[in-house]
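Taken together, the values in this text are just the output of simple stated rules run on the coordinates, not laboratory data. Quantities reported herein were computed from a predicted structural model and do not represent experimental measurements. FYI the Cβ positions are ideal-geometry reconstructions off the backbone, even for glycines, and counts take in every protein chain you see.
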Amino acid sequence: MSAPPRVCVIGAGSSGIATAKVLLERGIPFDCFELSDRIGGNWVWGNRNGISAAYRSLHINTSRERMAFSDFPMPAHLPDFARHDQVAAYFDAYADHFGLREHITFRTGVRHVAPLPGGGFDVALSTGETRRYQAVCVANGHHWDPRWPDPAFPGAETTGIEQIHSHRYTDESQLVGKRVVVVGMGNSAVDIAVDASYHAAATYLSARRGAHIIPKYVFGRPYDQIAGSERIPGWVRWPLARLLLRSVTGRMTRYGLPAPDHKFAQAHPTMSSRVLDRLAHGAIHPKPNIARLDRSEVVFTDGSRAAADLVVYCTGYRISFPFFDAAFLDPGEDNEIRLYQRVFHPRVPGLYFIGLVQPLGAIMPIAERQSELVADHLQGSYALPDRLAMLAEIAKHRQAVAKRYVASRRHTIQVDFDDYMRELSRERLRGAKRNEPGARAAMRAVSRTSA
């Protein structure tokens, strides 16, 4: 057997360490580069890499049992919905338990990745060194390049009101005594609005569109542990979940929020057990979208006004790969990137993406299972289909996403946790069958014909 290819892993966040662990236990040589001085990525509050989106009050929205890696449970003494520092400590323990730390080069960024004509990649590092690899696993995350409202609200350039993106929100001291308008209805928006409701002089939650808000506990159990299973298909799970949610929270309009224009599970979920309580107590004032910003007031689309000192835009993130030439790979303003099974580049062998999904659930078990698939491919036990079949699968997935989810840039990488986990397992079996001698010969024949 030929020697296994050497792999470059970009990033040592939750996805990067999952990849590193699988490669290490399979005996596949790799180097992992991390811009920061520690692992954990987005879960490190005050991360020295300057790109973490964590804030002081951040807690997980997926219960620890559903978030944990398969062979390293989160400690039982942790709360069901752990705080950011507890999650970061879990990742530290994971890295130490599996001996990953010595394989990670800290304080070193990847400046440029250049695919080579004959295969492989030249990887330029922030140290000035360039190394050659046969494969690259991209695990740089997708919550670090803030997306601002586009176009900007009228008056945004001339108003005297301070404006920040939620990416720059770090703790409650930024809110104390201020009149705060939070824009958005996602998880960051409701978290920051709740923080503001305890510390700001006034808090307004501006909803650009309606959303279904899911409590973290239902019937005394974490919501995601009720009927969450790969054995239950989505067409069974979600109708039942809609009935359950309606019985627990009622209509969103009862809290002054706009009615969602979609069914539950047709958009990325907003998880909060606190925001509805704060709305019901009048501590958060619901508002429609912003029409314009005056010198010291925010004017909303219903004509109402609110004196404001701070606007926090919780408007999401761009998918970015600054180490690739834009001509090679640029998701653009639409956040579009086309990958077979959300992992494999269909035209560049050896280029893999780990954790580049937005799940209705946790990313960590997904990154682990994706890494197993990649390791199978690197070791030759898993075969990809021919390029036409890969492109067809990508097109089918995009059509399914467009049919299932509300049209939004945030949904271009959306997956259902349980359905996608099941699909990855099935794909691993299909790839093993494609690797059988007869199947390999047939695929080579198809490839020659299509070429």
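Residue 164 versus residue 76, label points 7 Å from Cα toward the beta carbon: distance in nm?
4.1
Can you tell me how the range 1-155 classifies by the Cα gyration tensor, rounded, prolate or oblate, using a/c under 1.5 as the rounded cut?
oblate
Compute the relative contact order of the range 148-313 as a whole-number percentage, counting only Cα pairs closer than 8 Å that sit 6 or more residues apart in sequence.
Once normalised by length, the contact order is 38 percent.
In whole angstrom, how far apart do the alpha carbon centroids of the range 27-54 and the range 82-146 sit?
A separation of 7 Å, based on Cα centres.
Suppose every Lys and Arg Cβ carries +1 and every Asp and Glu Cβ carries -1, with no other charges. What dipole size does the range 21-163 come out with about its Cα centre, to the nearest 20 debye?
With only Lys, Arg, Asp and Glu charged at Cβ, the dipole is about 160 debye.
Length gain on complete extension for the stretch residue 26 to residue 217, per 0.36 nm per residue less the alpha carbon to alpha carbon distance?
64.9 nm is the gain from fully extending residue 26 to residue 217.
Dipole magnitude of the chain about its Cα centre, charges +1 at Lys/Arg Cβ and -1 at Asp/Glu Cβ only, in debye to the nearest 20?
The dipole magnitude comes to about 1220 debye.
Percent of Cα-Cα pairs per 5 Å bin, from 0 to the last occupied bin, for the range 148-313, please list those.
With 5 Å bins starting at 0, P(r) equals 2, 8, 17, 20, 18, 13, 9, 6, 4, 2, 0, 0.
Fully extended, how many nm does the chain gain between residue 430 and residue 231 (0.36 nm per residue separation, minus their Cα-Cα distance)?
Using 0.36 nm per residue and subtracting the Cα-Cα distance, I get 69.8 nm.
Starting from the Cα-Cα distance between residue 116 and residue 348, subtract it from 0.36 nm times their residue separation and give me the gain in nm to one decimal.
That works out to 82.6 nm of additional length.
Could you give the size of the charge dipole of the range 148-313 about its Cα centre, using +1 on the Cβ of each K and R and -1 on the Cβ of each D and E, expressed in debye and rounded to the nearest 20?
The dipole magnitude comes to about 740 debye.
Once you place label points 7 Å from the Cα toward the Cβ at residue 48 and residue 107, how far apart are they in nm?
0.6
Apply the Kirkwood formula to the chain: the hydrodynamic radius equals the inverse of the mean of 1/r over all pairs of different alpha-carbon atoms; give it in Å with one decimal.
23.3
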